[in-house]
Amino acid sequence: MGDIASSLALQSDEAALVEELRAGSEEAFAWLITRYHQQIYSLLARTVRSSADAADLTQEVFIKVFRGIRGFHGESSLRTWIYRIALREASNQRRWWIRHRQQEIAIEQEISAGESGNPVQLKDMLVDSAESPYEHALHEENRLRVERALRHVPEPFRTTLILRDIEGFVYEEVAAIQGVNLGTVKSRLVRGRACLKALLTAPAACSRPPAPAGIKMSLREEAR
């Protein structure tokens, strides 16, 4: 009963927040940004090519949220809806890069000077100050190895891994965010985890990881 009461309270609080957002409350929007900014930035930093792009896209996501809140009717949670917008923006960004054939930024590349005047590497900017349970469970060296390997997991498996294993969404939420069924989510997790494991154990051999036994469909078929 306690869980049910807590769930109902959360739904009531979210409904009140949505109403304030629809009414144009600056305070409600400021709270929303404070609550989700770091989470959305961390998600985008793992799915697009540079921290600068992730920062720009994070701002764009909240602009889309502000402009589109009147179209949010509660079919999913507000958090799920915001993540769906973020992933759509990331997907649009990836397509833009493919069209313009830009070279991928190496994670070790020096991209700017930090406050001390020393160069800063992209990998250093991917560190999330609000670490998730996933990150706490790994030592720093292993976490960086996982971050590097994760960038080489093909889409859509990489995003599914991020949502489930890093962001902590349950299967149903991942399915809602990506607009696919539960079977597809589970299949993508199996393939994504297999690829990530192969990258971590034999990095040079996993630019195109073999599908796990029993899964015959191609990457293109799975991505549909």
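The values are calculated or read from the model by the stated rules, or taken from the named source; none is laboratory data. As the structure is a computational prediction, the values presented were derived from the model and not from experiment. Reconstructed Cβ throughout: ideal geometry from the backbone, glycine too, with neighbour counts over all protein chains shown. Ligands, DNA and RNA are excluded from the accessible area calculation, which covers all protein heavy atoms including side chains. Shrake-Rupley method; radii C 1.70, N 1.55, O 1.52, S 1.80 Å.
Points worth noting:
- Length available on full extension from Gln38 to Glu19: 0.36 nm per residue minus the Cα-Cα distance, which gives 4.5 nm.
- Ranked order, Leu57, Leu182 - accessible area, probe 1.4 Å, largest first: Leu182, Leu57
- Full-extension gain in nm, Glu141 to Ala55, via 0.36 nm per residue minus C-alpha separation: 28.5 nm
- Length gained when the stretch Arg88-Ile63 is fully extended (0.36 nm per residue, less Cα-Cα span): 7.6 nm
- Spin-label pair Lys197-Ser77: with each label point 7 Å from Cα along the Cα-Cβ axis, the two points sit 2.8 nm from one another.
- In nm, spacing of pseudo-spin labels at Val190 and Glu27 (7 Å Cα→C-beta vector): 5.1 nm
- The residues of region 158-206 present an accessible area of 42 Å² per residue when probed at 1.4 Å with all protein chains retained.
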